[in-house]
Amino acid sequence: MKYVVLLCDGMADYPVEELGGKTPMQAARKPYMDSLAKKSQVGLVKTVADHLKPGSDVANLSVLGYDPAVYYTGRSPLEAGSIGIDMKPTDVSFRCNLVTLSDEPEYADKTILDYCADDISTEEAEILIKYLAEHFDGEEFRLYSGVSYRHCLIWNNGTLKVGTLTPPHDITGKPIREYIPTHPNAAKLYDMMVKSYDLLKDHPVNRARVARGQRPANSMWLWGEGVRAQLSPFEEKYGLKGSMISAVDLLKGIGKFSGMHVVRVEGATGYIDTNFEGKAQAALKELADGRDFVYIHVEAPDECGHRHEIENKVKSIEYIDGRILKLLLEGMEQYDDYSILVVPDHPTPLALRTHTNDPVPFLIYRKSRECPGVDCFSEESAAATGLRVNTGHLLMEKFIKG
């Protein structure tokens with residue numbers, strides 16, 4: 001028996017006027033998802049409880065069967081683990097985005113123009129993070145480079161009591177004055193953010209980016225604080241040897257801490273230009289090599305939602321369908337039995353450009369237990385079935401045990 005989760009990050013949405021009142025899921029041409037939906041269990045799952053922030057950290061832990069109320073210690077520690085940082089119990093980690101800010105003289109008067117600096121390349125970002133580290137690293141703080149715009153700051157003997165640190169993708173296009181950290185314990189963090197602008201604005205990497213018509217990565221932005229993560233091994237919980245396939249450090253970290261084999265796919269970017277076929281091929285190889293369970297995380301719909309890229313969000317869903325799911329279905333026919341779960345972790349509505357904790361649609365297909373389903377896979381069709389999983393982390397048990 002083989003199990004595959006196809007996690008379509010941020011795929012769920014609200015009706016979009018530019019799409020004729022349809023959601024991206026309804027507008028997308030996705031024959032393989034819709035074909036599965038006709039013979040699958042289809043419903044809604046509440047991946048993020050109302051009292052929790054609807055981040056990909058909480059939501060993916062929930063989909064993987066880990067109760068966030070028990071296991072969640074912050075977003076950044078999961079990413080730190082993926083990067084290879086061995087956090088001490090007294091360390092506090094922070095996600096460090098490289099962002100694009102406007103050029104007002106006072107830092108607090110600036111606006112976040114882009115939370116990812118035009119999806120800066122990992123190679124360019126590494127140069128900038130190392131440059132910042134030359135100025136900020138010491139006994140108290142240390143910077144580590146990650147993937148694209150996503151990096152990590154470790155605070156030795158730090159504190160979680162830093163007030164509110166807002167994710168930059170939640171405030172793109174907004175002046176930052178209302179969102180700068182004001183807690184006394186965050187003074188050093190804010191000071192680094194301010195100084196980072198002065199250090200990065202005229203850096204050769206950014207001058208070259210501007211010359212090419214790209215946005216500069218001219219400031220660091222700190223958020224997502226947390227302490228060292230501890231997850232029970234997935235194999236102990238469910239009796240399955242698992243693999244994690246993702247472009248982003250967050251999911252790689254979850255895979256690492258849960259004892260899964262973390263697979264690196266060449267050309268996996270976390271955006272719509274990712275290596276879709278490579279992820280499918282890697283998943284099939286993991287199954288062929290003896291793994292029972294593969295979790296394929298695709299970031300592209302989420303990124304398009306944050307950027308309000310309507311056409312690209314629809315296209316990303318179509319790419320997942322035709323360039324991942326199609327290959328999976330063809331490759332898994334060799335097995336006597338298999339099961340596939342297709343689900344977003346949370347909605348990332350184009351109209352809001354950030355996450356919500358609305359329930360998301362899911363489908364569970366099992367080769368040996370085909371059942372009457374729905375004509376197409378969408379938010380509306382899933383709601384119409386009346387099937388609900390109101391506690392997100394219980395979906396995995398339903399998927400595995402039926």
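The values are calculated or read from the model by the stated rules, or taken from the named source; none is laboratory data. Small disclaimer: the values here were computed from a predicted structure and weren't measured. Ideal geometry is used to build each Cβ from the backbone, glycine not excepted, and the neighbour counts take in all protein chains shown.
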On the given criteria, is Asp86 among the acidic types (Asp, Glu), closer than 22 Å to Ile154 by Cβ and in a helix (DSSP H, G or I)? no
Is there any pair linking a residue in the range 314-331 that is assigned by TED's automatic domain parsing to the domain that holds Leu350 to one that is surrounded by fewer than 18 Cβ atoms within 10 Å (Cβ to Cβ), with Cβ under 6 Å and at least six apart or on different chains, and which? Glu318/Arg29; Arg323/Glu277
Limited to the range 1-36, what total is found for residues that are surrounded by 19 or more Cβ atoms within 10 Å (Cβ to Cβ) and among the aromatic types (Phe, Trp, Tyr)? 2
Restricting attention to the range 103-139, and to residues there that are over 28 Å from the mean Cα position of the chain (by Cα) and assigned to a loop (DSSP other than H, G, I, E, B), which single residue is farthest from Pro175 (Cα to Cα)? Glu139
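Just to check your reading of the model, which residue among Tyr115, Tyr66, Tyr149 is within 30 Å of Leu394 (Cα to Cα), of a type outside the set (Gly, Ala, Ser) and crowded, with 21+ Cβ neighbours inside 10 Å?
Details: Tyr115 fails: within 30 Å of Leu394 (Cα to Cα); Tyr149 fails: within 30 Å of Leu394 (Cα to Cα).
Answer to the selection: Tyr66.
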Unique match (being buried (at least 24 other Cβ atoms within 10 Å of the Cβ), modelled with pLDDT under 95 and either in contact with a Cys (Cβ under 8 Å, 6 or more places away or on another chain) or among the acidic types (Asp, Glu) (or both)) among Ser82, Ser93, Ser76: Ser76
Would you mind finding the one in Val63, Val58 that is assigned by TED's automatic domain parsing to the domain that holds Met11, within 18 Å of Asp302 (Cβ to Cβ) and without any contact (Cβ under 8 Å) to a residue 40 or more places away in the chain? Val58
Sole exception among (1) assigned by TED's automatic domain parsing to the domain that holds Asn157; (2) part of a loop (DSSP other than H, G, I, E, B) for Asp50, by number: (1)
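So, restricting to strands (runs of 3 or more DSSP E) that lie completely within the range 250-368, which ones have at least 2 residues that are within 27 Å of Asp119 (Cα to Cα) and modelled with pLDDT of 95 or more?
Values: elements: 261-263, 293-298, 338-343, 360-366.
Fully inside the range 250-368 and qualifying: 261-263, 293-298, 338-343.
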Any chance you could count how many residues in the range 374-402 are farther than 25 Å from Glu235 by Cβ and surrounded by 22 or more Cβ atoms within 10 Å (Cβ to Cβ)? 4
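Test of understanding: among Gly253, Gly224, which residue is in contact with a Lys or Arg (Cβ under 6 Å, 6 or more places away or on another chain), of a type in the set (Gly, Ala, Ser) and under 30 Å from Thr90 (Cβ atoms)? Steps first, answer last, please.
Values: Gly253 fails: in contact with a Lys or Arg (Cβ under 6 Å, 6 or more places away or on another chain).
Just a single option satisfies the conditions, and that option is Gly224.
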